[in-house]
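The values are calculated or read from the model by the stated rules, or taken from the named source; none is laboratory data. Note that the coordinates shown come from a computational prediction; the quantities given were computed from them, not determined experimentally. Positions of Cβ are backbone-derived with ideal geometry, glycine not excepted, and every protein chain shown enters the neighbour counts. With ligands, DNA and RNA removed, areas are computed over all heavy atoms of the protein, side chains included. Shrake-Rupley method; radii C 1.70, N 1.55, O 1.52, S 1.80 Å.
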Amino acid sequence: MTTNPATERRPIIAANWKMHKTHLEAIQAVQKLSYLLDKEDAERVEVVICPAFTALRSVETLLESDKLPYGLGAQNVSFEEQGAFTGEVSPLMLEALRVGYVIVGHSERRQLFGEDDLVVNKKARAVLRHGMTPILCVGESLEERDADGTETKVAQQIRRGFDHIDAEQATTMVVAYEPIWAIGTGRNADAADAGRVVEVIRSTLADRYDDIVAQAVRVQYGGSVKPGNIREFMAHPDIDGALVGGASLDPEDLALIVKYR
């Protein structure tokens, strides 16, 4: 499946800082990034900063006070609204901080914290209920890849991840294809491999909804994305951006990724 030329999907680069940067370091990083990117960069590419929970308020205040054209994202969320859930952060709390995007189903959440497709789907639906956009992560392990199970695994994650989500909501979502074996390893899929999986994602969405929805959803690639390889991925017509981990910690590297052309 190839992209309909009439379909406009604005590229989206999301910086997942994971468990890095205090609130002061986060402020400094965003300020430096603002010096490195110009207005044209921000108009061409949607930039989303996903700091740790402790830095969300500081970054939100900076973005608002300096009128910086970047979105604010959270790295995780509870599907519960409120209650006796020690250590959890609810979608209500994120909405109050003007968070626009929430990463759900990242492989580290799935692998390290036991989140399955049902939990990921409940989180995505909670995010949508509060007017925020889920960045739904999918991807296969090295063992699944070696067993030629990539397409089956990713299609299953998409079907379950979009369960009970209507077509109108689905068109607003972002999917991040992150092969688990490429996260933090220095290895990455090439653009052709990633593109084939993105085609599977769109085909699965077309089966679930229709071609219009499948072409409206923005699909990122993630997994050891760096300034040196971002252009290759962005040249593929079905890849709409990147979910960037380690390389996004350095504002200069992140700026180069945003300026990929």
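Taking every C-alpha pair closer than 8 Å and separated by at least 6 residues, the mean separation divided by the residue count of the chain gives a relative contact order of 22 percent. In summary, the range 1-150 shows an alpha-carbon radius of gyration equal to 1.14 times the 2.2 N^0.38 Å reference for compact globular proteins. Using every pair of distinct Cα positions in the range 112-164, the Kirkwood expression returns a hydrodynamic radius of 12.0 angstrom.
What is the range 1-87 by shape, rounded, prolate or oblate, if you read a ≥ b ≥ c off the alpha carbon gyration tensor as root eigenvalues and call it rounded for a/c under 1.5, prolate for a/b larger than b/c, and oblate otherwise? Oblate is the answer for the range 1-87, as a/c is 1.5 or above yet b/c matches or exceeds a/b. So, R0 is 30 Å and r is the distance between the beta-carbons of residue 232 and residue 116; what FRET efficiency does that work out to, to 0.05? Efficiency at R0 = 30 Å is approximately 0.40.
Working from label points 7 Å from Cα in the Cα-to-Cβ sense, the residue 82 to residue 42 distance is 3.4 nm. For the range 1-132, the carbon plus sulfur part of the accessible surface works out to 54%, probe radius 1.4 Å. Only DSSP H runs of four or more residues enter the estimate; each adds -39500 (n - 2.57), and after division by the residues of the chain the mean residue ellipticity at 222 nm equals -12000 deg cm²/dmol. Counting every alpha-carbon pair across the range 147-196, the share separated by more than 16 Å comes to 52%. In the chain, taking the dipole from charged Cβ atoms about the Cα centre, the farthest positive-side position among 139, 223, 22 is held by 22. In order along the range 98-107, the phi-based Karplus estimate (6.51 cos²θ - 1.76 cosθ + 1.60, θ = phi - 60°) of 3J(HN,Hα) comes to 6, 5, x, 10, 9, 6, 10, x, 4, 4 Hz; Gly and Pro are listed as x.
Taking all protein chains together, 25, 144 sort by accessible area into 25, 144, largest first [probe 1.4 Å]. Relative contact order for the range 131-227: 36 percent, from Cα pairs under 8 Å spaced at least 6 residues apart, divided by residue count. Calculated translational diffusion coefficient of the chain (25 °C, 0.890 mPa s; Stokes-Einstein with Kirkwood radius over alpha-carbon pairs) equals 134 µm²/s. In order along the range 244-259, phi translates into HN-Hα couplings of 9, x, x, 5, 7, 5, 9, x, 5, 5, 4, 4, 5, 5, 5, 8 Hz, rounded to whole numbers, per the Karplus curve 6.51 cos²θ - 1.76 cosθ + 1.60 with θ = phi - 60° and x for Gly and Pro.
Pairs with C-alpha atoms separated by more than 32 Å, drawn from the list 18/39; 122/259; 32/153; 67/153; 18/122, are 122/259; 32/153; 67/153. Across 123, 32, 153, the residue with the most accessible area heads the list, and the full order at a 1.4 Å probe is 32, 153, 123. Close amide-amide hydrogen proximity is noted between residue 175 and 136, 218, 219, 220, each under 5 Å apart and 5 or more residues distant or on a separate chain (H modeled in the peptide plane; Pro and chain starts excluded). Within the assembled protein chains, the solvent-accessible surface assigned to residue 250 is about 60 Å², based on a 1.4 Å probe.
Each residue of the range 40-45 was assigned a 3J(HN,Hα) from its phi angle through the Karplus expression (A = 6.51, B = -1.76, C = 1.60, θ = phi - 60°), giving 4, 4, 5, 6, 6, 10 Hz with x at Gly and Pro. For the range 52-116, the fraction of C-alpha pairs farther apart than 19 angstrom is 37 percent. Contour minus end-to-end for residue 31 and residue 172, with contour as 0.36 nm per residue of separation and end-to-end as the Cα-Cα distance? Between residue 31 and residue 172, full extension yields 47.9 nm more.
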